[in-house]
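The values are calculated or read from the model by the stated rules, or taken from the named source; none is laboratory data. Since we're looking at a predicted model, the values are computed, not measured. In this analysis, Cβ positions are derived from the backbone assuming ideal geometry, glycine residues included, and neighbour counts consider all displayed protein chains.
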Amino acid sequence: MKLISFLGGQEDGADVYTWGGTSCETRFVQEAVCRLLGTVDDAVLFATEGARTAAWEPVSAALRGCGVTPHLVEIPDGATEEELWAVFRALEASIDDGEELVFDITHGYRSLLLVGFLSAAFLQTTGKAEISRLFYGQYRSDGGPSAVLDLTPFLSILDWTTSVHAFLASLDAGGINRLANRTAKEAYLSGRPDAPERLSRFAETLDGFAVATRMARPIEALNLAAGIARDIDAVTGEVEVFTPPLVEVLDRIREVGELGCRRPEEQVGLTWDHVEKELALIGFMVERGLLLQGVTFSREWMVNVMLLVRFGDGYPGWLDPDTRHEMSQTLGAALLKRKGSPFLPTYFTDWYQALPCEEEATRLWGELSSLRNDFAHCGMREFPPRTTRMGQKAGELYSHLCGFIEIVQ
């Protein structure tokens with residue numbers, strides 16, 4: 001294991017450092033970290049010119065005395081933004097991919113402390129290194145023991161920041177799921193009597209909803225959203241204790257729960273309640289930029305609506321492939337007729353043409369089919385719409401779907 005540390009101006013004061021119930025009598029926090037852990041082989045010490053002159057010789061000698069090989073990297077004072085970036089690049093260059101590191105930022109003078117902390121977080125987030133510990137020695141000049149604070153848990157704040165942003169911006173809950181599971185596992189392995197019991201399953205459900213939504217699997221997505229609505233109140237206490245960053249987005253997660261609707265039971269079949277939740281999910285997709293998913297699902301939603309118009313609330317045969325194909329062919333035939341083109345009538349054609357909503361349904365089918373084809377053919381058409389217009393067109397389609405269900409329900 002490698003220690004990353006800064007040299008500073010406090011190395012000449014006698015002190016005792018304590019951590020985890022053990023102590024080490026030494027003048028140097030770097031030696032204390034190595035002895036308290038007992039697993040450090042190499043130490044890279046970053047030093048400005050002044051710090052090198054004042055501390056390199058005694059600190060490096062102390063490290064050699066405990067079996068650790070010291071390496072010196074000279075850095076600028078960090079007086080300008082350019083110098084701070086130079087420090088960051090020096091830190092990154094001193095580390096091999098996949099190394100396990102201990103960071104000590106006790107003597108990160110002024111802004112160097114922040115640079116050290118953010119560098120550790122960056123290296124861990126990118127996977128370039130595994131940060132085993134992040135330490136800060138609380139130096140006491142009164143001769144009392146100085147505690148070595150373990151700041152490692154705070155590294156996860158940036159991980160949580162990235163993961164929460166991914167969920168809010170792109171409906172990607174994979175990071176939240178990984179962090180929640182890691183937190184629960186660490187609490188369990190540490191023997192905490194209050195280790196979370198619901199957190200991991202809740203995070204997995206949230207991730208499952210996000211994956212199902214991005215894959216345009218509405219039945220599964222709505223079913224998982226129902227699980228989120230069921231469990232969110234029970235898991236809130238664990239979230240507040242073990243994953244505080246997640247507290248800030250609980251209201252947004254509750255919005256997911258509001259989409260919840262259990263998969264229709266086989267003997268009951270498709271209902272208007274489920275179709276209304278499906279429509280809300282389409283709006284959820286479009287609002288979050290999942291345009292391809294929202295538009296693709298809109299076609300299947302339209303088939304669902306027309307099946308309920310034909311067979312009534314609670315239709316068990318709604319997933320039968322032949323029935324769905326026949327209904328979609330009926331809508332397509334009506335669109336061809338409207339254009340004055342030849343068409344083949346279907347089993348539902350006479351019924352459909354007698355509907356009061358036939359004109360609106362046919363117009364809407366034409367709109368969503370055209371937009372769906374724009375997505376499905378990846379722009380490889382003679383006159384594809386500009387990509388900058390696709391979001392607006394998807395939003396307009398959703399608005400028209402909302403108006404249509406009010407007409408037919």
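In the set Glu57, Glu99, which member is surrounded by fewer than 18 Cβ atoms within 10 Å (Cβ to Cβ), within 22 Å of Ile157 (Cα to Cα) and not aliphatic (A, V, I, L, M)?
None of the other options fit; the residue is Glu99.
Can you tell me which of (1) touching a Pro at 6+ places or on another chain (Cβ under 8 Å); (2) surrounded by 15 or more Cβ atoms within 10 Å (Cβ to Cβ) is the one Asp231 doesn't meet?
For Asp231, the failing item is (1).
Please enumerate the residues belonging to the stretch 184-210 that are in a loop (DSSP other than H, G, I, E, B) and either surrounded by 19 or more Cβ atoms within 10 Å (Cβ to Cβ) or of a type in the set (Asp, Glu) (or both). Can you show your working first?
Taking the stretch 184-210 and keeping what is in a loop (DSSP other than H, G, I, E, B), we get 190-198.
Listed by number, the residues that qualify are Asp194, Pro196, Glu197.
Is there any pair with a first residue in the stretch 50-62 that is without any contact (Cβ under 8 Å) to a residue 60 or more places away in the chain and a second that is of a type in the set (Val, Ile, Thr) and not in a helix (DSSP H, G or I) whose Cβ atoms are under 7 Å apart and which are 6 or more apart or on different chains, and what are they?
Cβ pairs passing all conditions: Ala62/Thr26.
Since Pro70 meets every condition but one in (1) under 23 Å from Leu36 (Cα atoms); (2) free of Cβ contacts under 8 Å to residues at least 12 places away in the same chain, which condition does it not meet?
All conditions are met except number (2).
Given the criterion surrounded by 18 or more Cβ atoms within 10 Å (Cβ to Cβ), on the phi < 0 side of the Ramachandran plot, at pLDDT 95 or above and assigned to a helix (DSSP H, G or I), identify the matching residue among Glu278, Glu238. Let's see the steps before the verdict.
Numbers: Glu238 fails: at pLDDT 95 or above.
So the residue among Glu278, Glu238 that is surrounded by 18 or more Cβ atoms within 10 Å (Cβ to Cβ), on the phi < 0 side of the Ramachandran plot, at pLDDT 95 or above and assigned to a helix (DSSP H, G or I) is Glu278.
Is it the case that the stretch 26-35 has a residue that's over 38 Å from the mean Cα position of the chain (by Cα) and of a type in the set (Phe, Trp, Tyr)?
Yes, the stretch 26-35 contains a residue that is over 38 Å from the mean Cα position of the chain (by Cα) and of a type in the set (Phe, Trp, Tyr).
Go through the stretch 241-275 residue by residue and tally those that are in a loop (DSSP other than H, G, I, E, B) and either acidic (Asp, Glu) or closer than 18 Å to Gly175 by Cα (or both).
6
I need every pair where a residue in the stretch 350-378 that is in the same structural domain as Gln409 (by TED's automatic domain parsing) and farther than 21 Å from Val286 by Cα has its Cβ under 8 Å from the Cβ of a residue that is assigned to a helix (DSSP H, G or I) and of a type in the set (Asp, Glu), sequence separation at least 6 or different chains.
Within 8 Å, the pairs are Tyr352/Glu358.
Of all residues in the stretch 63-109, which are farther than 21 Å from Leu134 by Cβ, touching a helix residue (DSSP H, G or I) at 6+ places or on another chain (Cβ under 7 Å) and at pLDDT 90 or above?
Once the filter is applied, which keeps residues that are farther than 21 Å from Leu134 by Cβ, touching a helix residue (DSSP H, G or I) at 6+ places or on another chain (Cβ under 7 Å) and at pLDDT 90 or above, the stretch 63-109 yields Leu72, Glu74.
From the list Val148, Val164, which one is of a type in the set (Val, Ile, Thr) and within 30 Å of Arg27 (Cα to Cα)?
Testing whether each residue is of a type in the set (Val, Ile, Thr) and within 30 Å of Arg27 (Cα to Cα) leaves just Val148.
Modelled with pLDDT under 95 and aromatic (Phe, Trp, Tyr): is that true of Phe348 in this structure?
Here the answer is no, as Phe348 does not meet what is asked.
Considering only strands (runs of 3 or more DSSP E) fully contained in the stretch 6-65, which possess at least 2 residues that are polar (S, T, N, Q)?
Details: elements: 16-19, 22-25, 42-47.
Of the strands (runs of 3 or more DSSP E) lying wholly inside the stretch 6-65, those with at least 2 residues that are polar (S, T, N, Q) span 22-25.
Collect the residues in the stretch 159-184 that are touching a residue at least 12 places away in the same chain (Cβ under 8 Å) and charged (D, E, K, R), keeping them in residue-number order.
The answer is Asp159, Asp172, Arg178.
Do you know which of the residues in the stretch 139-154 that are over 37 Å from the mean Cα position of the chain (by Cα) and of a type in the set (Ser, Thr, Tyr) is surrounded by the most Cβ atoms within 10 Å (Cβ to Cβ)?
Residue satisfying both the conditions and the ranking: Ser146.
Test Thr213 against the criterion of being buried (at least 19 other Cβ atoms within 10 Å of the Cβ) and either modelled with pLDDT of 90 or more or in a helix (DSSP H, G or I) (or both), and give yes or no.
Yes; evaluated as a whole, the condition is true for this residue.
Please verify whether the stretch 365-383 includes one or more residues that are in contact with a helix residue (DSSP H, G or I) (Cβ under 6 Å, 6 or more places away or on another chain) and of a type in the set (Phe, Trp, Tyr).
yes
Kindly check whether there is at least one residue in the stretch 372-385 that is modelled with pLDDT under 95 and touching a Phe, Trp or Tyr at 6+ places or on another chain (Cβ under 7 Å).
Within the stretch 372-385, not a single residue is modelled with pLDDT under 95 and touching a Phe, Trp or Tyr at 6+ places or on another chain (Cβ under 7 Å).
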